[in-house]
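First the structure, in the form of structure tokens, and then the observations on it.
The values are calculated or read from the model by the stated rules, or taken from the named source; none is laboratory data. Note that the structure is predicted; figures quoted are calculated from it, not measured. Positions of Cβ are backbone-derived with ideal geometry, glycine not excepted, and every protein chain shown enters the neighbour counts. When the accessible area is computed, the model is the full protein with side chains, heavy atoms only, and any ligands, DNA or RNA have been set aside. Shrake-Rupley method; radii C 1.70, N 1.55, O 1.52, S 1.80 Å.
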Amino acid sequence: MNGVPFDPRPIRVVCLLALLSCLGAQAEPPSVDFNRDIRPILSDKCFACHGPDDHERKGGLRLDLRDAAVAPAKSGTRAIVPGQPEASELIQRITTTDADDHMPPASTGKTLTETQIDLLRRWITQGATFRDHWAFVSPQRPPVPRPSASAAGPSAVVHPIDAFIEDRLRREDLTPLPQATPTTLVRRATLDLTGLPPTPEEVDAFLADSSPKAYEKLVDRLLDSPRYGERMAVDWLDAARYADTHGYHLDSGRDLTAWRDWVIQAFNENKPFDQFTVEQLAGDLLPNASQSQRIASGFNRNHMINYEGGAIADEYHYAYLVDRVNTTATVWLGLTMACAQCHDHKYDPLSKADYYRFLAFFNNVPERGLDGNKGNAEPVLRLPTEDQSQRLETLNAILAEKQKAYDNALPAIDDAQRRWEASSEAHAESVPAEIRQILAKDVAQREKKDLEALRRHYRETVSGDFRQLKEALDAARKERDEFDRTIPSTMVMAELDTPRDTFIRIRGAYDKLGDKVTAATPGALPPLPSGAPTNRLGLARWLVSADHPLTARVTVNRYWQMYFGTGLVKTAEDFGAQGDWPSHPELLDWLSREFIESGWDVKRLQRLILTSAAYRRDSRVTEEHFQKDAENRLLARGPRFRLQAEFIRDQALAISGLLEGRIGGASVSPYQPAGLWEELSMREDSKNFSAQFFVQSKGADLYRRSMYTFWKRSSPPPQMSTFDAPDRETCTVRRPRTNTPLQALVLLNDPTYLEASRKLAERLMARPGTDAERVAWAFRLATSRTPGAEEQAVLLRVLAQQKDYYRRHRDAAAALLRIGEAPRADSFADADLAAWTLLSSTLLNLDETVTKG
């Protein structure tokens, strides 16, 4: 300091003040967000008694609207006094020790945690700001966060999905895992986009591609695969509650396979989601609707249908309407609108009137409440093949010819009859005696002057020539009608010329009519645009309008769920107040706007997700990640979860070489326990019906993809049910994932898997090389990777043990090899083939095999 005395005290003071300032800033509580922090508490703990439902509201207090919540009660107290938590009755009630005054009441079984009480107190202190529910506000494109300077890899810099996710990880002080191995990536993407595993050749081709865009090329190839449409269709069939039977009563068959084929084709053609929506909800109402568009309208004919004798037609017709409302609301709105069928929704701003106005959109279909006893229920669309059309044209021509001959004979016969009727007693001899004798028996009819009945009797009884003509006509009509019944059809939507009246149902009872209503959208959502038709077409176009707050969010979320196992909103079926807060709300809105502005391009959306670093991360769980984020909601690691039921079976068939690759067509009936349908039938006539109805498929049909399995609602395919497939009685947009001993037993003992193990064993034994080489190849078929030395040693030891066992138990080997209808190769010894079969079964049972990692 050039000799000048230095006094450090001012600097110490400044540093101390800066430190105190920092400590003060850190001590200041963070801002409370109403939608994220407060609405979930109020919805779960308070809205049942103090929410939107006028009829169930207690004490006149409403906490879902700010004006009502801050207004003084009759006693003068106010539930919420902004800025003054201790003056707020709400805080007093949730903190009091007086059991009579405490809220929520003990009888509700609900309690508030100290953290929740603190959040409510801080919220009121900060002004008790209310906001509209986030999901009811049209999504706006947020700015993409700038990645940190330490962001790993170029994808984190350029990929917007990763910018949002990294921003959250940084705030949570969680380090993302690196990219998964190339072998893991090719298996993960192939399973996700096709529902089938990659072949070793496909894995090798990907590993050999050293170009910078090798992974992007892989994703593009898989999106272009015809298997992509089948994989995407599986989840849509759940949402649409697709099945091959009506569900009620005898649970008899129907045929909507043309609609299922339309769905597969629509995904493969990358039909824009807005068009996909319009055609399924209102394809029949489009101008000059094509056959394809009319087939698409079958989406809302997938519901259960009854034809039971003694049932009330109006009751079941009402049930069909309710199903359409609930399904449409779940699939496109992500709302639990079913809660407003009997009363105003207790948590969301959906009134009972809203429910029935929405129902009115679907109340104009020319259908019967009881129908379907002979297959598809009206209205239907007939779908003859070209050959069938030509054959039907020929039969109709023959029928017309016979009808013409019949009609030409009528005048002469009628003339003879009239002469008899007009003849006097003197001229009666002009009528043949045989005819006079027959006609004389019809005295009663003559007295009634029922001349037409007399003429009909004469034609059919007296005239031999006429009888021949009539028999020929009847035979031609019978042949035409019998052939006509072989022509496939599909159930579709249609519209009555005169709309039905729609009424609110009091407490949801079909026969208790309240006020009359007309079709309209829920009041909490935007109205139909001015000039839009108030029918299903107007509703469908409204759902996919660019400013709709829900449809894009709900759809994007389901695709995210498909790839990561859990949606950005965990409750994919509920975006209302009781639903989960989004893990990454800005990302959800960004993706929603991107989806809309891309022209609702589904494949583009999926490519965007699959090319993100988040999707490509290693899925191994570290202790840090498990402790901070057990469910992987923050996405610091890649997705890892068990395959869906259909893809577990499909994978086994593919690995074994049994898979039949034909796309589309009729449903098939693979193996299932004998007498299962009969066992689950409650009535004797139903048992007889079921016994006649189920016929196990043969040949290639046994090995078709699982999505083509005949789905009987009262007895879904047992292997599928064991692995959490729904019964398809109602709409499902989020399957549960359970782990039970039954699942292992299915993989070990079901004929499908034992037969697949045998055929895989035959593939292995036919392959040149040593046992070690065959085992390594089998492991690659099942998991896509090469086994480690220890893994290979274990598998070779299993093989040796099984060979020794079956050489000593040849009857057991023969019994094992008899399972399944696929012919066995006779060139292999029973003991050796049985041993390789058990080794193959071991591989098909590996957790790694049935898991997307």
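Here the helices (runs of 4 or more DSSP H) wholly within the stretch 756-853 that include at least 2 residues being in contact (Cβ under 8 Å) with a residue 60 or more places away in the chain are 771-783, 830-844.
A Cβ distance below 7 Å, combined with a sequence gap of six or more or placement on separate chains, defines the contacts here; from the stretch 718-731, residues that are at positive phi reach residues that are open to solvent by 10 Å² or more (accessible area, probe 1.4 Å) in the pairs Asp724/Arg735; Asp724/Pro736; Asp724/Arg737; Asp724/Thr738; Arg728/Pro716.
Applying the criterion of being surrounded by 13 or more Cβ atoms within 10 Å (Cβ to Cβ) and among the acidic types (Asp, Glu) to the residues of the stretch 474-490, the residue that is nearest to Thr534 (Cα to Cα) is Asp484.
For Leu748, the requirement of being hydrophobic (A, V, I, L, M, F, W, C), under 19 Å from Ser656 (Cα atoms), at pLDDT 95 or above and surrounded by 21 or more Cβ atoms within 10 Å (Cβ to Cβ) is not met. Cβ-Cβ contacts under 7 Å between residues 6 or more apart (or on different chains), taken from a first residue in the stretch 274-290 that is more than 18 Å from Asp261 (Cα to Cα) to a second residue that is assigned to a loop (DSSP other than H, G, I, E, B), are listed as Asp274/Val544; Asp274/Trp600; Leu285/Glu495; Leu285/Asn535. Within the stretch 30-79, no residue satisfies the criterion of being crowded, with 17+ Cβ neighbours inside 10 Å, more than 34 Å from the chain's Cα centre (by Cα) and hydroxyl-bearing (Ser, Thr, Tyr). From the list Asp261, Asp255, Asp235, Asp167, the lone residue that is under 30 Å from Tyr316 (Cα atoms) and in contact with a Pro (Cβ under 7 Å, 6 or more places away or on another chain) is Asp255.
Suppose we filter the stretch 140-155 for residues that are modelled with pLDDT of 90 or more and either surrounded by 13 or more Cβ atoms within 10 Å (Cβ to Cβ) or touching a helix residue (DSSP H, G or I) at 6+ places or on another chain (Cβ under 7 Å) (or both); how many remain? Spell out the reasoning first.
Start the filter on the stretch 140-155 by keeping residues that are modelled with pLDDT of 90 or more, which leaves 140-145.
Now narrow it down to the ones that are either surrounded by 13 or more Cβ atoms within 10 Å (Cβ to Cβ) or touching a helix residue (DSSP H, G or I) at 6+ places or on another chain (Cβ under 7 Å) (or both): 140-142, 144-145.
Qualifying residue count for the region: 5.
When the criteria are applied in full, Ser225 meets the requirement of being more than 24 Å from Arg294 (Cβ to Cβ) and within 29 Å of the chain's Cα centre (by Cα). Applying a threshold of 9 Å to beta carbon distances and a minimum spacing of six or more residues, or different chains, the list of pairs starting in the stretch 119-139 at a residue that is free of Cβ contacts under 8 Å to residues at least 60 places away in the same chain and surrounded by fewer than 20 Cβ atoms within 10 Å (Cβ to Cβ) and ending at one that is of a type in the set (A, V, I, L, M, F, W, C) and in a helix (DSSP H, G or I) reads Arg121/Ile91. Whether any residue in the stretch 80-103 is touching a residue at least 60 places away in the same chain (Cβ under 8 Å) and under 40 Å from the mean Cα position of the chain (by Cα) is what I want to check. The answer is no, given that none of the residues of the stretch 80-103 is touching a residue at least 60 places away in the same chain (Cβ under 8 Å) and under 40 Å from the mean Cα position of the chain (by Cα). Any idea which of Asp220, Asp238, Asp284 is out of contact with any strand residue (DSSP E or B) (no Cβ under 7 Å at 6 or more places or on another chain) and either open to solvent by less than 10 Å² (accessible area, probe 1.4 Å) or of a type in the set (Ser, Thr, Tyr) (or both)? Sole residue among the options that is out of contact with any strand residue (DSSP E or B) (no Cβ under 7 Å at 6 or more places or on another chain) and either open to solvent by less than 10 Å² (accessible area, probe 1.4 Å) or of a type in the set (Ser, Thr, Tyr) (or both): Asp238. Within the set Val278, Val331, the sole residue that is in contact with a Lys or Arg (Cβ under 7 Å, 6 or more places away or on another chain), assigned to a helix (DSSP H, G or I), at pLDDT 95 or above and not polar (S, T, N, Q) turns out to be Val278. Checked against the criteria, Asp98 counts as at pLDDT below 90, surrounded by fewer than 11 Cβ atoms within 10 Å (Cβ to Cβ) and over 24 Å from His345 (Cα atoms).
Results for (1) basic (Lys, Arg); (2) open to solvent by less than 10 Å² (accessible area, probe 1.4 Å); (3) not in a helix (DSSP H, G or I), shown as yes or no for each residue.
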| position | (1), (2), (3) |
| --- | --- |
| Ala614 | no, yes, no |
| Gln627 | no, no, no |
| Asn632 | no, no, yes |
| Ala636 | no, yes, yes |
| Ala652 | no, yes, no |
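Among the criteria (1) more than 23 Å from Leu193 (Cα to Cα); (2) more than 19 Å from the chain's Cα centre (by Cα), the one Asp574 does not fulfil is (2). Taking the stretch 774-803, which residues are open to solvent by 80 Å² or more (accessible area, probe 1.4 Å) and more than 20 Å from Gln651 (Cβ to Cβ)? Answer for the stretch 774-803, where residues must be open to solvent by 80 Å² or more (accessible area, probe 1.4 Å) and more than 20 Å from Gln651 (Cβ to Cβ): Ala789, Glu790, Arg797, Gln801. Select from the stretch 182-208 the residues that are free of Cβ contacts under 8 Å to residues at least 40 places away in the same chain and more than 29 Å from the chain's Cα centre (by Cα) and write down the one among them that is farthest from Met562 (Cα to Cα). Filtering first and then ranking leaves Ala208. Just to be sure before I move on: is Gly820 modelled with pLDDT of 95 or more and either in contact with a strand residue (DSSP E or B) (Cβ under 6 Å, 6 or more places away or on another chain) or buried (at least 17 other Cβ atoms within 10 Å of the Cβ) (or both) in the structure I sent? For Gly820, the condition - modelled with pLDDT of 95 or more and either in contact with a strand residue (DSSP E or B) (Cβ under 6 Å, 6 or more places away or on another chain) or buried (at least 17 other Cβ atoms within 10 Å of the Cβ) (or both) - is met.
Scanning the stretch 710-722 for residues that are open to solvent by less than 10 Å² (accessible area, probe 1.4 Å) and of a type in the set (Ser, Thr, Tyr) turns up just one, Ser715. Out of Leu359, Leu370, Leu399, Leu321, one residue alone is touching a Ser or Thr at 6+ places or on another chain (Cβ under 8 Å), among the hydrophobic types (A, V, I, L, M, F, W, C) and either surrounded by 21 or more Cβ atoms within 10 Å (Cβ to Cβ) or not assigned by TED's automatic domain parsing to the domain that holds Cys49 (or both). It is Leu359.
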